[in-house]
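Following: one structure in structure tokens, then a few remarks.
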Amino acid sequence: MPAPNTEVIGRKAQIVRRLRSVLPSDAVIDAPEETRAYECDALTAYRCAPLCAVLPRTTHEVSQILKICSEEGVPVVPRGAGTSLAGGALPTADSVILGVARMNEVLETDYENRFVRVQTGRTNLAVTGAVEGEDFFYAPDPSSQLACAIAGNIAMNSGGAHCLKYGVTTNNLMGVTLVLMNGDIVEIGGAHLDAAGLDLLGVICGSEGQLGVVTEATLRILRKPEGARPILMGFDDNEIAGTCVSDIIKAGILPVAIEFMDRPCIRATEAFAGAGYPDVEALLIVEVEGSEAEIDDQLARIVEIARRHNPVELRESKSSEESARIWLGRKSAFGAMGQINDYMCLDGTIPVTELPFVLRRIGEMSKEYGLDVGNVFHAGDGNMHPLILFDANKPGDLELCEAFGADILRLCVEVGGCLTGEHGVGIEKRDLMIDQYAPNDLDIQMAVKDVFDPDWLLNPAKVFPLEASQTRRMPVQS
Amino acid sequence: MKPIDEKSVVEIVQSTAGPLQIVGGGTRSKDLVTADKTLSVAGLSGVSLYEPGALTLVAQAGTPIAEINRVLAAERQRLAFEPMDHRGLLSTSGEPTIGGAVAANVSGPRRIQAGACRDSLLGVRFVDGAGRILKNGGRVMKNVTGYDLVKLMAGSRGTLGVVTEVSLKVQAIPECTGTLAWSGLGWAAALKVFSGALGSPYDITGAARLPEGWGNRDESSWTFIRVEGLENSVKYRLGELQKTFAEFPAPKVILDHEENQQIWQSVRNVSPFGDKVGNVWRTSVKPTDMISVVGKSDYEHVVDWGGGLVWTLAPEDVDLRQILKGIEGYSTLVRGDAFPSFEPENAIVTRLSEGLRQKFDPRGIFNPGLMG
């Protein structure tokens, strides 16, 4: 991270005083023992306590906070629930953390028009929780959905296992209340579809808290399907499993999820959760939705395709208990890998057709680096999650792991994919951006930030390589 | 000027000092601005990559949509967003291009289920006002690497850059399409059908209403609900929907391919207004506000998106925006020129949009004045 501005740190007392003047007393946290709670997000390898943290309850309070910080020239790091795996909410010592966690109200529920309007500190699962009484749900389902906030989902354009059918956050976001760094409050989009002019909503979603603070969101909700059931398939070759995925998609069947696990992951998961998975090279979980008859019909077609690829295991769920068992292992995969060792979770996306090649190369690189890697990912859309195991207590292991991770991500870009499919760039992949984008491609993205946040005060050291953004951030530093 | 490669586009942009009109197939006549020069992307044509197993296609901006449809159909796939063909409504000729569809974010009846054109768009290459070749996004379905300028470019109508190449997510053509068609439902009943169907678990891919006299069927209006998928599933869902709406006269069940094509093409292309005189407005509102929109006048309407999109045929001297004042949403004037095409936006959105145009096109040469 860039060196903090000592002049700003020197003005801490004044900044805190001004923030306290517009906020309730419990909304400003500046004692060092308390600000430490905000020193990192889920990328725990990097930590730094902020100058202070503020926890507003209303859009108006957010506006006043940003106005003060803008006048004081203080960087602001917006924070949802702090579950970012990319360091999207990592503070600097001269920054104010703006946490929206207390803004968790449901503002409007409209089943006839199929949307819900919420404050963005509400967690992803609690959005569905607010509408499931009427059998509706909010579709994007990141693994962290129990904890992660809608604000962070919008910042990172989060996905999930079921986005193969339902899309990611940007496809389910209809409108936002956005507070700009100068304190201006603006409504973009709403309960109607598409923009009258330029699609600003499209660029705000996924901008990692760098363009403004989203305090309220209008989200599309859907009626729950009548039912859903998975099938588990085992193959003795990754390549064949990859081809099977491609064949299912080509056949015109659209499962809601196609998940993939390789042998190291299966073994770790079995030891941890005991889901009864077969010991195979590659395992697929394919889930389809509809009425009982529709599910049977789709699964029969999927089985027919799978049989052409000589599966060593085909386990069709016949009950909700069996479905839960099939999902149990997949859902415990990250925890299981964490039992073995520290791990780093990557998030590159590749064209589905490159799956066999990329898996083979990752296996080769794993030997070269001497670090184990397990693969568990959303195969239907090519969003990979290689988990590299390392020992945080062993000097040099983290750095080795990071170098291995960077090589995997470069490989993803080389085969026509990208660095991150759903976690975001944050600080973690910031310096790899030059592998995906030419300098001009980055310049035009940074020009968008120039328009929304001319002084580069919002989450300034994220997304773009520090060198590339230096001249834009410099006025703040001087 | 009709460059055949990206390099020539750069040369044209760099050597142009004044206004430059950017066109694809030229089928949306309302988007043509007055300019000294015209740059057509129609010469940049062809599908450069198609992976049916990955549901992705990359094409040059000037590729005719008809050609893309042909390439996709050979693998039983299609564009999910069902782009409108404006030729009938606007009495234009020429060939709709994929670049044009992207530039105007043209999205048909399936918008409500599969998303808009922008939701199918995975990546773009474009030349900005400084003549730089830029890219954003890519050809994979999940990509959050950096800012999403792909969405920004979709619907920017050439004012931010000359789009040269697009990559798209495509979808399989379903085995079967089925439509329920109710004759003569009033507006309140039509809305009840729309909201009931779209709030059901039956995965509706079309919810529309055509006005009286359409297609010389008879003198009544028609309200349509469409489902797509495996044949047994379509039949099952149509049956369940009929039960749901037992309070209304029984609908006609349409499973015939040709008839389905005809209905949904008419909705998509707003065919009922094609040979009628008057301005055509396209209004995007909250679906239940359809009732307020149609209640404000006696004009004729075509309704799509379950009530969320209302097309209005109005006399040439009528400013529909004045009539609809107070209803949240916006109206775009698609045919006629007595009023600005685009609904003015709030001051902050206008300032941000202006700022973006200034960054992407510092000399203000691309389609000047088109979007404000």
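Nothing in this text is a laboratory measurement; each read-out follows from the coordinates by a stated rule. Since the model is a prediction, treat every value here as computed from it, not as a measurement. When we count neighbours, we look across all protein chains shown, and the Cβ atoms used for this are built from the backbone with ideal geometry, even at glycine.
What to note about this one:
- For chain A, the longest principal axis of the C-alpha atoms and the axis of helix A:238-250 are separated by about 80°.
- Cut-off under 5 Å, modelled amide H: who pairs with A:ASP342 long-range: A:PHE390, A:ALA392
- Hz values of 3J(HN,Hα) by residue in region A:307-312 - Karplus curve (6.51, -1.76, 1.60), Gly and Pro given as x: 4, 5, 9, 6, x, 8
- For chain A, with +1 on Lys and Arg beta carbons and -1 on Asp and Glu, the positive-most of A:GLY348, A:PHE272, A:THR83 along the dipole: A:THR83
- Each residue of region B:85-92 was assigned a 3J(HN,Hα) from its phi angle through the Karplus expression (A = 6.51, B = -1.76, C = 1.60, θ = phi - 60°), giving 9, 7, 4, x, 5, 9, 6, 10 Hz with x at Gly and Pro.
- Distance violations [Cα-Cα > 30 Å] among A:LYS331/B:LYS286; A:LYS394/A:LYS449; A:LYS318/B:LYS192; B:LYS243/B:LYS325; A:LYS224/A:LYS250: A:LYS331/B:LYS286; A:LYS394/A:LYS449; A:LYS318/B:LYS192; B:LYS243/B:LYS325
- Neighbour-count ranking [beta-carbon atoms within 10 angstrom, fewest first] of A:MET384, A:MET1, A:MET174: A:MET1, A:MET174, A:MET384
- Three-way shape call for region A:194-237 based on the alpha-carbon gyration tensor, with the a/c threshold at 1.5: prolate
- Residues A:HIS192, B:HIS301, sorted so that the one with the fewest Cβ neighbours within 10 Å comes first: B:HIS301, A:HIS192
- Gyration tensor (alpha-carbon) shape descriptor, region A:6-99, a/c threshold 1.5: prolate
- Assigned charges on the beta-carbon of Lys, Arg, Asp, Glu; the protein assembly as shown dipole about Cα centre (debye): 1180 debye
- Bridge type composition, chain B - antiparallel percent by DSSP, nearest 5: 90 percent
- Positive contributions from Lys and Arg (+1) and negative ones from Asp and Glu (-1), summed over other residues with Cβ under 13 Å from the Cβ of A:ILE204, come out at -4.
- Residue separation of A:PHE357 and A:GLU7 scaled by 0.36 nm, minus their Cα-Cα distance, works out to 120.8 nm of gained length.
- Shielding of peptide A:433-445 by partners, expressed as the average count of other chain Cβ atoms within 10 Å per residue Cβ, is 5.
- Dipole magnitude for chain A: computed about the Cα centre from +1 point charges on Lys and Arg Cβ and -1 point charges on Asp and Glu Cβ, it is near 860 debye.
- Cα centroid separation, region A:427-472 to region A:382-422 (Å): 21 Å
- Cα gyration tensor shape of region A:272-361, rounded if a/c is under 1.5, else prolate or oblate by comparing a/b with b/c: oblate
- Where labels lie 7 Å past Cα in the beta-carbon direction, separation of A:ASN341 and B:SER297 in nm: 6.9 nm
- Farthest toward the positive end of the dipole of the protein assembly as shown, out of A:PHE334, B:ILE365, A:VAL106, is the Cα of B:ILE365, where the dipole comes from beta carbon charges about the Cα centre.
- The angle between the Cα long axis of helix A:439-452 and the main principal axis of chain A comes to about 50°, on a 0 to 90 degree scale.
- Cβ-to-Cβ counts within 10 Å put A:ASP347, B:ASP361, B:ASP5 in ascending order as B:ASP5, B:ASP361, A:ASP347, the fewest first.
- Degrees between helix A:320-340 axis and first principal axis of chain A (Cα, 0 to 90, nearest 10): 60 degrees
- Here the sum of -39500 (n - 2.57) over DSSP H runs of 4 or more residues, divided by the residues of chain A, equals -11500 deg cm²/dmol at 222 nm, to the nearest 500.
- Furthest towards positive pole of dipole, B:TYR330, B:ALA35, A:THR243, structure part the protein assembly as shown, Cβ charges: B:ALA35
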